[in-house]
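The values are calculated or read from the model by the stated rules, or taken from the named source; none is laboratory data. The shown structure was predicted, so the numbers you read here are calculated from the model rather than taken from an experiment. FYI the Cβ positions are ideal-geometry reconstructions off the backbone, even for glycines, and counts take in every protein chain you see.
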């Protein structure tokens, strides 16, 4: 069965709606200068289980559904939504959304076009992928694994979250497309205690798979051991240095750097409006020739991957920076049209109750040629940062920060003492010009990223090989 | 600002919005649904249950570069139930209010409670703690604003900002939003109440340029009563002035210096304090203020208290998220910690009483000195005035603080020039004990009220 048939069965049929009705609703909206209208139907089932104090003490189940209705006229957007998927509510939302219209040219709804879709993940319901007993047993195993690593582990909080989402997009441009999106996530947080010192650390992962993913390849227990390892390392951490120095970033999740320093600044909306520090800079050198960075929504089963974006556009790999030169922006339909380019399949939204905008999927730097060990050995005095809490950017000034949660001093080419978490700060348009070595060890993160923009959260991925930045400001106290 | 984090659960609780004259939900009808939910839970075998329900609607408009950019009509609703089978607990929620959905949601919660384990601390609050005579705190001031009127206000705001200075070259727009809603809460001990609230805001974000470098800043006003919002022209002017003042920012050398956190960023420091004295942080032993009740954590001149019953205030509430009565009380007296921030679960874990803080604090005030920000700059003489902090570099388990920042360099008691791209680091314990002055420039927006803070010493990392 195609995704459209599945979505039709789950979203439309139960209330007697048919695909033809959608065409009529879109038709009504297309008068008076509206150049695009779209409908976004969504149903989401979400569950979470939480273990703490050695017992599974909380569980939650949530079910949401609704339809978002958007009318676009040039740079103007009218938006309304309803949590009832029935024709009268749909018409009411359509009437509210089209209040944006002013007198103008009449546009036509296009006939539905055929769409080829990816199948990057299976259309499964992850909530059914393990029995409740198996889910609870998995959390208990994680708890036991963490506690048996070291007597200094005093608390373990483990959670398991599963989401089953079905979406259907119908647009006046002839788009009729659907997707079934599973997503699972496990997290393990531990608290280690030694004397009066306490440290907390977390590890986890997931993707667009079923829960059995965590029982395979020792993943769940691996998260437990990793959280313990980080907490114990941090118990021994000394004050981080303060000042500007060479920084080596480890592979994988430290790709937060790319997400903040480069990624947001290359989203189409900011560049269309000219509010990004990267606006108007396509074709310019913004990174060292060692840096090639892509956004790729097509990676198999990844957290940031999508068969289609939330406007029904097939996702793709988009070249952002090639050998240091800025190549392109990430676009949704509205901003692509206003800038005279094609959508790159980056139109995303948190839910039917939010407007789509250009967002990242999986953003990473391609591998280079250096052996990671060689990179560390090239630093006389600096910092080696391998884990991060997260980051933030001001896309207009270009200033960004990201906060290390596991880092070490490098002294005379050797990794020595662990240092306390410190924030690293830089300027997006020039930080990558100072990348002098790129490792051959490209790694993607384990599937943990949540990106927030204008109040909307979406799951994303990041990745990079080990890389060296010749100078970056490290915000310690020593 | 955009941010990336690895937080395990993106918040799934739907934020609930409403306001349409055609809205079919009134307080009595919603109370009936809560009663049905609780009865259904009992019928399905729960020994106790609590249910909350909310409906909200609103309008948000943005005007950018003189023209309408977005008109959004919001209309949300949701219900959630928690059931207890003895000490086992399960929760479920949905946006569907139909009788069928109510039954299914209760069943989902009960199914979960069959699998969760006995937690001796789980359950409803102590009956004696529940709010009885519910205060009317004047929290509902609906604003019958049409999209056209909201657009006109947003446009005025943006027009004034754009005309304020020729270095303003771009805009992220002026926005107006108005939301009102109703929330009803009930439990099987007989508590059932609901009340309406409203919240309106106006904001403006500008972009200025000088020497090929752009800066962005904003200003906003928020109130439960739209007539008490700052005038659009004031908001626009303020946004423009803040943006232009950042132009020509210089770098900072790595150094030690006194720091003034402007009121709007000083609020953030109080939120780190709250993270450290929240019940969950205490019973998990995951806080830099573990077992600090009765200990000195601020200098003697500091008092911090909660005032939940101020009429019309943004943080006011007659009872907390589990129906426990809210009370005015001190959290810090003479610099000594007097109380943790507790819901009934944390209170039982710590063998204490709930402080009426399920869901958060309600109007937190820190006492201030009778000094203006200007006088504080003079007292500091030389140091940093911080107007923005960035990133997640605050560890409330250890107290380690390291965040990106921007602001102004002060010398001879006067602002010299804007500064950016540096970090500020210290430990929260030392920052709190080093709090020398609090200004009378109170920022009243939100549930945590403070003036600017002068802290004796922090480490700056720069170029």
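On the basis of being under 30 Å from residue A:191 (Cα atoms) and in contact with a strand residue (DSSP E or B) (Cβ under 6 Å, 6 or more places away or on another chain), does residue B:284 make the cut? For residue B:284, the condition - under 30 Å from residue A:191 (Cα atoms) and in contact with a strand residue (DSSP E or B) (Cβ under 6 Å, 6 or more places away or on another chain) - is met.
Restricting the stretch B:88-114 to residues that are in contact (Cβ under 8 Å) with a residue 24 or more places away in the chain, in a loop (DSSP other than H, G, I, E, B) and crowded, with 16+ Cβ neighbours inside 10 Å, the residue that is nearest to the other protein chains (Cβ to nearest Cβ) is B:95.
Scoring residue A:381 on the criteria (1) more than 22 Å from residue A:261 (Cβ to Cβ); (2) touching a helix residue (DSSP H, G or I) at 6+ places or on another chain (Cβ under 6 Å); (3) in contact (Cβ under 8 Å) with a residue 40 or more places away in the chain leaves a single failure, condition (2). Does the stretch A:224-247 contain any residue that is more than 10 Å from chain B (Cβ to nearest Cβ) and part of a loop (DSSP other than H, G, I, E, B)? Yes: the stretch A:224-247 contains one or more residues that are more than 10 Å from chain B (Cβ to nearest Cβ) and part of a loop (DSSP other than H, G, I, E, B). The strands (runs of 3 or more DSSP E) found wholly in the stretch A:348-465 and carrying at least 2 residues that are within 30 Å of residue B:58 (Cα to Cα) occupy A:381-393, A:449-453, A:456-464. Just checking, does the stretch B:154-168 include any residue being in a strand (DSSP E or B), at pLDDT 95 or above and within 14 Å of chain A (Cβ to nearest Cβ)? Scanning the stretch B:154-168 turns up at least one residue that is in a strand (DSSP E or B), at pLDDT 95 or above and within 14 Å of chain A (Cβ to nearest Cβ).
Quick grid of which residues meet (1) more than 11 Å from chain A (Cβ to nearest Cβ); (2) within 21 Å of residue B:206 (Cβ to Cβ); (3) crowded, with 19+ Cβ neighbours inside 10 Å; (4) modelled with pLDDT under 95:
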residue	(1), (2), (3), (4)
B:43	yes, no, no, no
B:49	yes, no, yes, no
B:63	no, yes, yes, no
B:68	no, yes, yes, no
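Note on the stretch A:149-170: residues that are buried (at least 24 other Cβ atoms within 10 Å of the Cβ) and more than 14 Å from every other protein chain (Cβ to nearest Cβ) amount to 4. Looking only at the stretch A:294-310, decide whether some residue is touching a residue at least 40 places away in the same chain (Cβ under 8 Å) and either over 23 Å from the mean Cα position of the chain (by Cα) or closer than 16 Å to residue A:428 by Cβ (or both). There is at least one residue in the stretch A:294-310 that is touching a residue at least 40 places away in the same chain (Cβ under 8 Å) and either over 23 Å from the mean Cα position of the chain (by Cα) or closer than 16 Å to residue A:428 by Cβ (or both). I'd like to know if the stretch B:368-386 contains one or more residues that are within 22 Å of residue B:308 (Cβ to Cβ), surrounded by fewer than 23 Cβ atoms within 10 Å (Cβ to Cβ) and either modelled with pLDDT of 95 or more or away from chain A (no Cβ under 14 Å) (or both). Checked against the condition, which is being within 22 Å of residue B:308 (Cβ to Cβ), surrounded by fewer than 23 Cβ atoms within 10 Å (Cβ to Cβ) and either modelled with pLDDT of 95 or more or away from chain A (no Cβ under 14 Å) (or both), the stretch B:368-386 yields at least one hit.
Yes/no per residue for (1) free of Cβ contacts under 8 Å to residues at least 24 places away in the same chain; (2) surrounded by fewer than 17 Cβ atoms within 10 Å (Cβ to Cβ):
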| position | (1), (2) |
| --- | --- |
| B:190 | yes, yes |
| B:193 | no, no |
| B:201 | no, no |
| B:245 | no, no |
| B:250 | no, yes |
| B:254 | no, no |
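Output yes when any residue across the stretch A:468-477 is part of a strand (DSSP E or B), touching a helix residue (DSSP H, G or I) at 6+ places or on another chain (Cβ under 9 Å) and within 10 Å of another protein chain (Cβ to nearest Cβ), and no when none is.
We begin by selecting, within the stretch A:468-477, every residue part of a strand (DSSP E or B); these are A:468-475.
Narrowing further to those that are touching a helix residue (DSSP H, G or I) at 6+ places or on another chain (Cβ under 9 Å): A:468-472.
Pick out the ones that are also within 10 Å of another protein chain (Cβ to nearest Cβ) and you get A:471.
Yes, the stretch A:468-477 contains at least one residue that is part of a strand (DSSP E or B), touching a helix residue (DSSP H, G or I) at 6+ places or on another chain (Cβ under 9 Å) and within 10 Å of another protein chain (Cβ to nearest Cβ).
Name the residues in the stretch B:118-144 that are closer than 23 Å to residue B:352 by Cα and in a loop (DSSP other than H, G, I, E, B), would you?
Listed by number, the residues that qualify are B:118, B:119, B:120, B:121, B:122, B:123, B:124, B:125, B:126, B:131, B:132.
Conditions: (1) outside any strand (DSSP E or B); (2) in contact with a strand residue (DSSP E or B) (Cβ under 8 Å, 6 or more places away or on another chain); (3) closer than 30 Å to residue A:334 by Cα. Residue A:174 meets all but one. Number of the miss? Going through (1) outside any strand (DSSP E or B); (2) in contact with a strand residue (DSSP E or B) (Cβ under 8 Å, 6 or more places away or on another chain); (3) closer than 30 Å to residue A:334 by Cα one by one, residue A:174 breaks only (2). For residue A:218, the conditions (1) out of contact with any helix residue (DSSP H, G or I) (no Cβ under 8 Å at 6 or more places or on another chain); (2) surrounded by fewer than 19 Cβ atoms within 10 Å (Cβ to Cβ); (3) over 30 Å from residue A:194 (Cβ atoms) are fulfilled apart from (3). If I go through the stretch A:323-344 residue by residue, how many of them are under 22 Å from the mean Cα position of the chain (by Cα), farther than 13 Å from residue A:297 by Cβ and not in a loop (DSSP other than H, G, I, E, B)? Here the count works out to 5. Considered as a group, the residues in the stretch A:269-307 that are in a loop (DSSP other than H, G, I, E, B) and in contact with a helix residue (DSSP H, G or I) (Cβ under 7 Å, 6 or more places away or on another chain) include one that is nearest to the other protein chains (Cβ to nearest Cβ), and that residue is A:277. The number of residues in the stretch A:33-67 that are crowded, with 20+ Cβ neighbours inside 10 Å and assigned to a loop (DSSP other than H, G, I, E, B) comes to 1. Residue A:196 satisfies every condition listed in (1) within 14 Å of chain B (Cβ to nearest Cβ); (2) surrounded by 21 or more Cβ atoms within 10 Å (Cβ to Cβ) except (2).
For the stretch B:132-143, state whether one or more residues are surrounded by fewer than 20 Cβ atoms within 10 Å (Cβ to Cβ), facing chain A (nearest Cβ under 9 Å) and in contact with a helix residue (DSSP H, G or I) (Cβ under 9 Å, 6 or more places away or on another chain). Give the steps one after another, and end with the answer.
Here is the first cut: in the stretch B:132-143, the residues surrounded by fewer than 20 Cβ atoms within 10 Å (Cβ to Cβ) are B:132-136, B:138, B:140-142.
Now restrict to residues that are facing chain A (nearest Cβ under 9 Å): none.
No, because not a single residue in the stretch B:132-143 is surrounded by fewer than 20 Cβ atoms within 10 Å (Cβ to Cβ), facing chain A (nearest Cβ under 9 Å) and in contact with a helix residue (DSSP H, G or I) (Cβ under 9 Å, 6 or more places away or on another chain).
Looking at A:51, A:39, A:120 in this structure, which one is away from chain B (no Cβ under 11 Å), within 30 Å of residue A:160 (Cα to Cα) and at pLDDT 95 or above? If you could, list the steps in order and put the result at the bottom.
On the way: A:51 fails: away from chain B (no Cβ under 11 Å); A:39 fails: within 30 Å of residue A:160 (Cα to Cα).
Residue meeting the stated conditions: A:120.
Checking residue B:430 against (1) within 12 Å of chain A (Cβ to nearest Cβ); (2) closer than 24 Å to residue A:240 by Cα; (3) over 22 Å from the mean Cα position of the chain (by Cα); (4) in a strand (DSSP E or B), only one condition comes out false. Which one? For residue B:430, the exception is condition (4). Restricting the stretch B:70-87 to residues that are over 24 Å from residue B:141 (Cβ atoms) and within 23 Å of the chain's Cα centre (by Cα), the residue that is nearest to the other protein chains (Cβ to nearest Cβ) is B:80. Evaluated against (1) out of contact with any helix residue (DSSP H, G or I) (no Cβ under 7 Å at 6 or more places or on another chain); (2) over 30 Å from residue A:395 (Cα atoms); (3) surrounded by fewer than 22 Cβ atoms within 10 Å (Cβ to Cβ), residue B:212 falls short on exactly one condition, (2). Is it true that some residue in the stretch B:416-423 is free of Cβ contacts under 8 Å to residues at least 60 places away in the same chain, surrounded by fewer than 24 Cβ atoms within 10 Å (Cβ to Cβ) and away from chain A (no Cβ under 11 Å)? For the stretch B:416-423, residues free of Cβ contacts under 8 Å to residues at least 60 places away in the same chain, surrounded by fewer than 24 Cβ atoms within 10 Å (Cβ to Cβ) and away from chain A (no Cβ under 11 Å): present.
From the list B:289, B:314, B:270, B:274, which one is in a loop (DSSP other than H, G, I, E, B), surrounded by fewer than 21 Cβ atoms within 10 Å (Cβ to Cβ) and at pLDDT 95 or above? Walk me through it before giving the result.
Numbers: B:289 fails: surrounded by fewer than 21 Cβ atoms within 10 Å (Cβ to Cβ); B:270 fails: in a loop (DSSP other than H, G, I, E, B); B:274 fails: in a loop (DSSP other than H, G, I, E, B).
Only one candidate passes the filter, namely B:314.
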